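The values are calculated or read from the model by the stated rules, or taken from the named source; none is laboratory data. Keep in mind that what you see is a predicted model, and the values were worked out from it rather than measured. For neighbour counting, all protein chains shown are included, and Cβ atoms are generated from backbone atoms with ideal geometry for every residue, glycine included. SASA here: full protein model, heavy atoms, side chains in, ligands and nucleic acids out. Shrake-Rupley method; radii C 1.70, N 1.55, O 1.52, S 1.80 Å.
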Amino acid sequence: MDYQNFVEQDRVIDAIANYYETPPLAYMHSFGCQQNVNDGEKIKGVLVQLGYGLTDRAEGADLVIFNTCAVREHAEQRVFGNIGALKNLKVANPKMMIAVCGCMVQQKTVVDKIKQSYPYVDIVFGVNGIDQLPHMIGERIRTRKKVIMEPAERTELVENLPIHRDSSFKAWLPIMYGCDNFCSYCIVPFVRGRERSRSAENILAEFRALIQSGYKEITLLGQNVNSYGKGLDHPMDFADLLAMLAEEPGDFRLRFMTSHPKDASRKLIDTIATHDKICNNLHLPVQSGSDSILAQMNRKYNVTEYLSLIRYAKERIPEMTFSSDIIVGFPGETEEDFEKTLELVREVGYVQLFTFIYSKRTGTKAAMMPDSTPYSAKTARISKLLNLHEEFAVNFAEKMVGRKVRVLVDGLGKIEGTWSGRLENNLVAEFSAPENHTGKFVWVNITGHRGILLTGSIAEEQGE
Ligand code: 5AD
Ligand code: SF4
C-alpha cells in the first residue's frame, strides 16, 4: 500500500491549525532498537507534513509521542515512568495531546493498563499504524475523545511514508519487518508480527534516493535480514540484495543488522569479501555459548556451527570484526553454562558486545521456565563478561595504533579539540583536523588509544 495524502489530510491540517492558538510543536521520543528509531523518523515525517514543528523537549510541546519498546521489562517501566511524568504538563496545558505507540501497545495488557492507569493518554497506535496517525489526531480533535487502536496484526506494508531523518549522512533502510523465529525469551514475534519483506524495487528506489541526496552510510534493517526475500513475487536472498545495492555507483558504505546465525550463510561472507562498500563488520548475536541453553532458547544452531561460520569469515576476510548480543541469566543457566559463554567470547573476540540480563516477557515460552538463579549472581556474571570483552577490545585498539584508516566523520569528539568518526570495523576514532569534515569520509592516522577509543590526526595525504 502506498501512503497517499488521503482525502482527510487537508481537513486534519486545518483542524490542527484551528485547534491550537500558535503553530503546534511535537516531541517524539523513540525507545529501543534501530527499527523503532526508523519508525520514529517516519512519525516525525508525518507530523511535519501535518504542520507540527519538532522540539526535543516534552515541556512546551503540544503533542508528545512515545514510540515504545517491549523487549525488556526495564524499557517498559521507563515508558510508564515517562508517561506518568507528563501528567503535570497536561494540567498546565490542557490542549496538549499524549500519544503512545510502538511495540509495547501491541500487547493488550499494556493497552488496558494505559486506559486504566493513565487516562490522560489521548492516542494509542501499534507498530503498523503510523499511516493512521493523521486520522487519529483528526478524530481526537473532532470528537474530543481518546482514540485507541486495539492491538491487531496488520500484514500489509505501507510504502512512501514521509520521513524526517535524524542525520543527513547516515540512514536506516528497513528491508523487512517482523520475525518468525520465536526465540523462547523474545517478545518481538508477538508484537511485530510475521516476517514480511519489502520488494527489491522499493528498497532500491529508496536506496538510490538516499545516495543521490548525499547519504554516505546506509544500514539495512530487519529482525533477521538473512531470511529476506521469502514470499516475494520475485524471491531473492539477502546476499543477492546486498550485492545489488553494493554495486550501485557512489561513495558510500553499507551496513546491515541483524543476522541470525542459523541463516547467515557462507555466501553472505563471500558477498562481503567481494564488495568493498560492504563494511567488514558482522553483528552476529550468539546469545549464549552453551549448547543446552541455545536449545532452550530455540536458537536452532549450536556453538560448533556458530564458530565454524566465524572461522570461515576470519579466513575469508582477515580484517573482519564481529559484534554480538548476549543474554546472561536465562532460566536454568548454570555457572558451567556461563563459563562456556566466556569461552566463546574469548575465542571469537568481539569489538562490540551488547549484554543483557534475561528479562521475563509474559507470553513467551521462557516465561514458563523455572528460574532459580538469584539476580545478584546474574549481575556478577554480566560484569565478568564485560571485563573480558573490555580486555579484548582494548588490545584490539592497541593493535590499530600506527595504521591509517578511513572514517566517516560524525561531528565533534568528546576529547576537546577533536572530531569523531567511525571506522568500517565499528571502532571510533577521535582525531585532530583543522577543518570540519562532518558527514564526509576522511583518512586518519591512528597514533594512540584511550581504552577502546582510537586517537589520532587527519592524514596529510587523503588516500590509501
Ligand atoms: N531478556 C533479555 N534480553 C533480551 N533480548 C531479547 N529479548 C530479551 C529478553 N527477554 C536481547 C537479545 C536480542 C537483543 C535485541 O535483545 O539479545 O538480540
Ligand atoms: Fe527475537 Fe529471535 Fe526474532 Fe531476534 S530472531 S527478534 S531474538 S525472536
The residue from Gly456, Gly402 that alone is touching a residue at least 24 places away in the same chain (Cβ under 8 Å), more than 23 Å from Gly214 (Cα to Cα) and not in a loop (DSSP other than H, G, I, E, B) is Gly456
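Would you confirm, using the coordinates I've provided, whether Gly53 is closer than 25 Å to Cys33 by Cα and open to solvent by less than 20 Å² (accessible area, probe 1.4 Å)? Full working, then the answer.
On the way: closer than 25 Å to Cys33 by Cα: yes; open to solvent by less than 20 Å² (accessible area, probe 1.4 Å): no.
The answer is no for Gly53.
Table: residues versus (1) outside any helix (DSSP H, G or I); (2) more than 16 Å from ligand 1 (Cβ to nearest atom); (3) of a type in the set (Gly, Ala, Ser).
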| residue | (1), (2), (3) |
| --- | --- |
| Ile269 | no, yes, no |
| Ile272 | no, yes, no |
| Ala295 | no, yes, yes |
| Leu309 | no, yes, no |
| Ile326 | yes, no, no |
| Phe330 | yes, no, no |
| Leu344 | no, no, no |
Which members of the range 265-300 meet the condition of being at pLDDT 95 or above and of a type in the set (Gly, Ala, Ser)?
Ala273, Ser288, Gly289, Ser290, Ser292, Ala295
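Just the residues that are within 20 Å of Phe392 (Cα to Cα) and either in the same structural domain as Ile317 (by TED's automatic domain parsing) or in contact with a Leu (Cβ under 6 Å, 6 or more places away or on another chain) (or both), please, taken from the range 431-453.
Quick first cut of the range 431-453, residues within 20 Å of Phe392 (Cα to Cα) only: 446-453.
Hit for the range 431-453 is Ile446, nothing else.
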Report, ordered by the first and then the second residue, all pairs with beta carbons closer than 7 Å, sequence separation of six or more or different chains, a first member in the range 342-356 that is assigned by TED's automatic domain parsing to the domain that holds Tyr306 and open to solvent by less than 30 Å² (accessible area, probe 1.4 Å), and a second member that is of a type in the set (Ser, Thr, Tyr) and within 16 Å of ligand 2 (Cβ to nearest atom).
Tyr350/Ser323; Tyr350/Ser324; Val351/Ser323; Leu353/Ser323; Leu353/Ser324
State all residues of the range 346-356 that are of a type outside the set (Phe, Trp, Tyr) and either away from ligand 2 (no atom under 15 Å from the Cβ) or part of a helix (DSSP H, G or I) (or both); if no residue qualifies, say none.
Arg346, Glu347, Val348, Gly349, Val351, Gln352, Leu353
For Arg422, work out the one condition from (1) under 24 Å from the mean Cα position of the chain (by Cα); (2) part of a loop (DSSP other than H, G, I, E, B) it doesn't fulfil.
(2)
Are any residues in the range 357-376 surrounded by 14 or more Cβ atoms within 10 Å (Cβ to Cβ) and among the hydrophobic types (A, V, I, L, M, F, W, C), and if so, which ones?
Ile357, Ala366, Ala367, Met369
Selected residue (criterion: nearest to Ser359 (Cα to Cα)) from residues of the range 310-332 that are open to solvent by 10 Å² or more (accessible area, probe 1.4 Å) and under 24 Å from the mean Cα position of the chain (by Cα):
Ile327
Taking the residues in the range 177-202 that are among the hydrophobic types (A, V, I, L, M, F, W, C), open to solvent by less than 30 Å² (accessible area, probe 1.4 Å) and more than 8 Å from ligand 2 (Cβ to nearest atom) as candidates, determine which candidate is modelled with the lowest pLDDT.
Val191
Consider the range 213-231. How many of its residues are away from ligand 1 (no atom under 16 Å from the Cβ) and surrounded by 14 or more Cβ atoms within 10 Å (Cβ to Cβ)?
7
Residue in the range 285-309 that is farthest from ligand 2 (Cβ to nearest atom), counting only those that are open to solvent by less than 10 Å² (accessible area, probe 1.4 Å), among the hydrophobic types (A, V, I, L, M, F, W, C) and touching a residue at least 24 places away in the same chain (Cβ under 8 Å)
Ile293
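So for the range 132-153 (the condition being under 17 Å from Ser30 (Cα atoms), in contact with a helix residue (DSSP H, G or I) (Cβ under 9 Å, 6 or more places away or on another chain) and in contact (Cβ under 8 Å) with a residue 60 or more places away in the chain), does at least one residue qualify?
Residues of the range 132-153 that are under 17 Å from Ser30 (Cα atoms), as a first pass: 133.
Those left that are additionally in contact with a helix residue (DSSP H, G or I) (Cβ under 9 Å, 6 or more places away or on another chain): 133.
Subsequent filtering for residues that are in contact (Cβ under 8 Å) with a residue 60 or more places away in the chain retains 133.
Among the residues of the range 132-153, at least one is under 17 Å from Ser30 (Cα atoms), in contact with a helix residue (DSSP H, G or I) (Cβ under 9 Å, 6 or more places away or on another chain) and in contact (Cβ under 8 Å) with a residue 60 or more places away in the chain, which makes the answer yes.
I need the full set of residues from the range 425-445 which are over 29 Å from the mean Cα position of the chain (by Cα), surrounded by 17 or more Cβ atoms within 10 Å (Cβ to Cβ) and in a strand (DSSP E or B), in order please. Reasoning before the result, please.
Step one: of the range 425-445, the residues over 29 Å from the mean Cα position of the chain (by Cα) are 432-435, 445.
This time we only want the ones that are surrounded by 17 or more Cβ atoms within 10 Å (Cβ to Cβ), so: 433, 445.
Across the range 425-445, the qualifying residue is only Asn445.
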Kindly check whether there is at least one residue in the range 18-25 that is over 17 Å from His135 (Cβ atoms), free of Cβ contacts under 8 Å to residues at least 12 places away in the same chain, open to solvent by 20 Å² or more (accessible area, probe 1.4 Å) and outside any helix (DSSP H, G or I).
yes
Yes/no for Asp122 being within 27 Å of Gln77 (Cβ to Cβ), away from ligand 1 (no atom under 16 Å from the Cβ) and surrounded by 18 or more Cβ atoms within 10 Å (Cβ to Cβ):
yes
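Identify, from the list Leu173, Leu210, the residue that is farther than 30 Å from Lys365 by Cβ, in a strand (DSSP E or B) and open to solvent by less than 60 Å² (accessible area, probe 1.4 Å). Please lay out each step first, then the result.
Details: Leu210 fails: in a strand (DSSP E or B).
From the options Leu173, Leu210, the qualifying one is Leu173.
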Just to be sure before I move on: is Met97 closer than 14 Å to Gly60 by Cβ and either open to solvent by 10 Å² or more (accessible area, probe 1.4 Å) or modelled with pLDDT of 95 or more (or both) in the structure I sent?
yes
